[in-house]
1. Let me spell it out: the conditions are (1) in contact with a strand residue (DSSP E or B) (Cβ under 7 Å, 6 or more places away or on another chain); (2) of a type outside the set (Phe, Trp, Tyr); (3) surrounded by fewer than 24 Cβ atoms within 10 Å (Cβ to Cβ), and A:LYS90 meets all of them except one. Which number is the exception?
2. Go through segment A:293-330 residue by residue and tally those that are in contact (Cβ under 8 Å) with a residue 24 or more places away in the chain and out of contact with any helix residue (DSSP H, G or I) (no Cβ under 9 Å at 6 or more places or on another chain).
3. As an exercise: evaluate A:THR405 against (1) more than 21 Å from the chain's Cα centre (by Cα); (2) under 24 Å from A:GLY41 (Cβ atoms); (3) surrounded by fewer than 20 Cβ atoms within 10 Å (Cβ to Cβ) and give the number of the one condition it does not meet.
4. I'm trying to understand the selection: among the residues of segment B:64-81, which are without any contact (Cβ under 8 Å) to a residue 60 or more places away in the chain and either in a loop (DSSP other than H, G, I, E, B) or facing chain A (nearest Cβ under 7 Å) (or both)?
5. Might you check whether a residue that is away from chain B (no Cβ under 14 Å) and charged (D, E, K, R) occurs anywhere in segment A:312-320?
6. Any idea which of A:GLY272, A:GLY295, A:GLY342 is within 14 Å of chain B (Cβ to nearest Cβ) and at positive phi?
7. With the structure loaded, tell me whether A:GLN347 is part of a helix (DSSP H, G or I) and modelled with pLDDT of 95 or more or whether it fails that test.
8. In segment A:353-395, what count of residues is obtained for those that are under 30 Å from A:THR317 (Cβ atoms) and part of a loop (DSSP other than H, G, I, E, B)?
Number of protein chains: 2
Amino acid sequence: MTITATQQTELPVDAALRARAGKVIPSGMYGHMNVTLMPAGFPQFYAEGKGNRLWDVDGNEYLDFMCSFGPMISGYANPVVDAAALAQQKRGDALGGPTARMVELAELMVDTVAHADWAMFAKNGTDATSLAVTIARAATGRKKLLKGGTAYHGANAWFNPNPLGSTPEDRANIIDFEFNDLASLEAAAAEAGGDAAAIILSPFRHDAPGSTDQYIVDPAFARGVRALADRIGAVLIMDEVRTGFRLHTGGAWEPLGIEPDLTAFSKAMANGYAISSVVGIDSLRQSAADIFATGSFWYAGAAMAAAIANIGLLTATDTPAQMNRVGQLLRDGLQSQAAAHGFTVFQSGPPAMPFLRFEDDDSLATAAAFTAAAVRRGVLLHPAHNWFLSTAHTEADVAWALERTDDAFAETRTLFG
Amino acid sequence: MTITATQQTELPVDAALRARAGKVIPSGMYGHMNVTLMPAGFPQFYAEGKGNRLWDVDGNEYLDFMCSFGPMISGYANPVVDAAALAQQKRGDALGGPTARMVELAELMVDTVAHADWAMFAKNGTDATSLAVTIARAATGRKKLLKGGTAYHGANAWFNPNPLGSTPEDRANIIDFEFNDLASLEAAAAEAGGDAAAIILSPFRHDAPGSTDQYIVDPAFARGVRALADRIGAVLIMDEVRTGFRLHTGGAWEPLGIEPDLTAFSKAMANGYAISSVVGIDSLRQSAADIFATGSFWYAGAAMAAAIANIGLLTATDTPAQMNRVGQLLRDGLQSQAAAHGFTVFQSGPPAMPFLRFEDDDSLATAAAFTAAAVRRGVLLHPAHNWFLSTAHTEADVAWALERTDDAFAETRTLFG
């Protein structure tokens with residue numbers, strides 16, 4: 001095995017932009033797209049995206065398996081989605097009120113998502129999870145939220161993983177449980193007494209960032225969650241902000257025959273255009289109407305036109321099956337390569353949203369070295385967050401990636417002896 | 001005075017869309033763009049916007065003084081803003097990370113807003129006010145927020161005007177004061193004891209919807225707010241989500257020589273593209289870096305390109321002066337017409353964000369009749385919310401509008417004897 005010349009070793013334009021950003025953006029960047037804690041080689045700034053490829057501001061090309069952390073699902077600059085958005089943008093985006101696209105998109109969500117009888121739209125995933133919680137509290141007249149202990153359900157004061165700047169009161173009504181652990185959920189429900197407004201969870205455990213495996217849901221747990229929610233009169237909220245349209249277009253637990261009461265969608269709905277949605281069952285319709293819910297850009301038409309076009313693409317064929325099939329090829333290839341290079345890796349989560357962990361790598365040092373070696377060779381992965389497949393990823397792309405990850409494993413082996 | 005034929009009396013396409021929406025959207029529509037409580041004649045759904053004109057889905061044309069409740073400031077479908085957004089969209093919007101537009105826009109905000117040393121970007125105005133509050137709490141280690149009693153600062157559980165679905169804990173740390181009433185602010189500060197994290201207020205009192213006048217800030221109150229914040233060590237947060245770039249591009253209190261510590265912007269930043277921003281002083285930079293702040297679409301480039309182009313347009317000339325001058329013409333004309341038709345009206349707020357109230361009209365019945373008569377004649381106003389001027393509104397447009405509002409006053413007079 002020879003290690004090929006790395007694609008990029010210096011990112012001078014990126015470095016210049018980082019220096020400028022350091023003066024006018026706190027710590028130079030914030031949130032999940034801040035790469036200051038990532039290994040060297042990860043670009044901070046990007047110039048272009050097309051299909052499954054990204055180009056950084058220095059002109060380096062990447063086969064991208066992060067999909068903007070989820071929003072990209074039909075390929076960057078998808079011509080069908082972009083044409084729909086542009087046609088609407090030219091007629092009007094934020095107008096004096098909503099456009100007909102809002103009705104059409106609500107009808108499409110109701111047609112697409114099995115449990116949905118109605119839909120509302122906002123901008124952030126956090127808007128959708130927050131609306132869902134508010135609707136649940138309005139409907140039940142209760143306060144407590146049962147939530148996975150380390151699960152991420154949004155960037156607001158209730159949910160976000162860093163309490164700095166929030167108050168104890170903001171988090172006073174959260175009771176934690178463990179995913180796939182019905183006993184812990186029962187204990188949380190008992191702690192809530194009669195005051196459990198909602199159970200909120202993701203369709204599988206995808207806590208990030210970190211070094212912990214993802215857990216596919218145990219069907220018995222899923223059935224138990226539904227039964228418990230019914231028994232205690234709590235609203236079951238499914239947070240599909242990260243998973244939506246990648247696992248099952250009708251809802252992630254649809255194959256299990258289990259329907260939540262409310263679902264929050266966002267990231268992949270419109271292939272990158274900013275939109276989110278909460279959909280729900282008929283008995284929660286009035287509470288959804290009664291709460292205060294609005295935003296300046298929530299009614300704008302272009303992102304809705306994009307969502308209609310994108311969901312049309314995603315439901316025309318069984319695109320989740322396609323993404324999972326291609327993701328499984330990547331997974332199988334990485335597993336073989338890791339073993340060949342003497343690494344034990346654990347891969348978890350749905351193949352369309354893969355996560356790879358090295359054995360005995362709580363510090364993520366090995367993951368950092370491997371993904372840094374990969375990104376320098378033009379394959380964009382992440383050391384501490386699940387990756388994402390899209391419909392723009394083909395078998396040929398996986399083969400292209402695996403040629404380079406093989407070299408990345410080899411380089412990582414040289415670093416770890 | 002003859003009453004001309006009304007422009008529109010029936011909205012059949014709108015009615016059909018409302019019927020469809022009633023099945024798939026809670027109560028058919030939600031939030032500030034829900035017109036179910038508005039007088040007949042206000043369309044719910046719009047098809048197109050160009051300059052200062054809107055067309056509803058039935059093809060009726062309106063001279064629009066609502067500007068999408070603020071976002072439109074440079075004319076619908078402004079060619080300069082749209083070209084900038086489209087050029088960026090074609091290269092990439094939501095990519096693997098931010099584009100160079102994010103640095104350029106942060107630099108532009110720092111150059112444009114007098115007190116700004118740094119900038120962060122999000123999607124909703126609520127995101128920006130929430131980030132500001134979080135930064136203030138992180139910086140001070142305190143909890144309490146001093147807030148105008150009926151002021152609107154966002155749609156989240158802390159701020160929104162309807163507590164349904166929020167918890168008492170969500171609002172436990174809010175202490176109210178009255179705008180332009182320094183004694184009430186002093187009392188609120190005393191109630192907070194040493195625990196006041198922030199004072200949050202808008203640059204003038206623009207509570208809505210309702211029948212209460214807007215109050216321009218008393219300079220002595222503004223100076224007192226700044227002095228009190230300094231004295232008690234609270235962060236002064238200016239909510240310019242509604243006012244930003246319409247009053248003074250360098251910050252609304254800039255003409256008074258008073259600078260806040262943090263300012264939230266959103267609506268008009270990008271002429272309708274979804275973006276918001278919090279900007280702040282250097283001493284709050286580290287707290288801004290330390291809090292958890294992120295969103296899937298917060299780094300996307302197209303809305304940032306639109307904001308750069310739009311702010312460029314707004315700062316090339318003294319556009320607030322232009323909007324206020326044209327707004328004053330509208331105000332003067334309406335005042336004369338109202339008197340001629342035997343109505344006493346009170347007009348308040350900056351002329352670029354006018355509010356008109358009829359005497360003895362707490363029920364808003366007269367305002368409803370007048371604005372309904374106006375909208376049927378093609379002039380889009382609002383009975384219970386301030387209106388908005390844009391740079392696309394000219395003296396000729398005001399003359400066109402006043403021809404129709406004269407008839408609208410006449411019709412209103414026939415209804416109220």
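1. The number of the failed condition is (1).
2. Residues flagged as in contact (Cβ under 8 Å) with a residue 24 or more places away in the chain and out of contact with any helix residue (DSSP H, G or I) (no Cβ under 9 Å at 6 or more places or on another chain) within segment A:293-330 amount to 3.
3. Unmet condition: (3).
4. From segment B:64-81, those without any contact (Cβ under 8 Å) to a residue 60 or more places away in the chain are B:77, B:79; that's our starting set.
If the condition is that a residue be without any contact (Cβ under 8 Å) to a residue 60 or more places away in the chain and either in a loop (DSSP other than H, G, I, E, B) or facing chain A (nearest Cβ under 7 Å) (or both), then B:ALA77 is the only one that fits.
5. yes
6. Working: A:GLY295 fails: at positive phi; A:GLY342 fails: within 14 Å of chain B (Cβ to nearest Cβ).
Going through A:GLY272, A:GLY295, A:GLY342 in turn, just one is within 14 Å of chain B (Cβ to nearest Cβ) and at positive phi: A:GLY272.
7. On the way: part of a helix (DSSP H, G or I): no; modelled with pLDDT of 95 or more: yes.
Considered against the rule, which asks whether it is part of a helix (DSSP H, G or I) and modelled with pLDDT of 95 or more, A:GLN347 comes out as no.
8. Residues of segment A:353-395 that are under 30 Å from A:THR317 (Cβ atoms), as a first pass: A:353-356, A:374, A:378-382, A:385-395.
Remaining after also requiring part of a loop (DSSP other than H, G, I, E, B): A:353-354, A:378, A:381-382, A:385-394.
Qualifying residue count, segment A:353-395: 15.
The values are calculated or read from the model by the stated rules, or taken from the named source; none is laboratory data. Treat the numbers as computed from the prediction; the structure is a model and nothing was measured. As a convention, Cβ positions derive from the backbone with ideal geometry for all residues, glycine included, and neighbour counts pool all protein chains shown.
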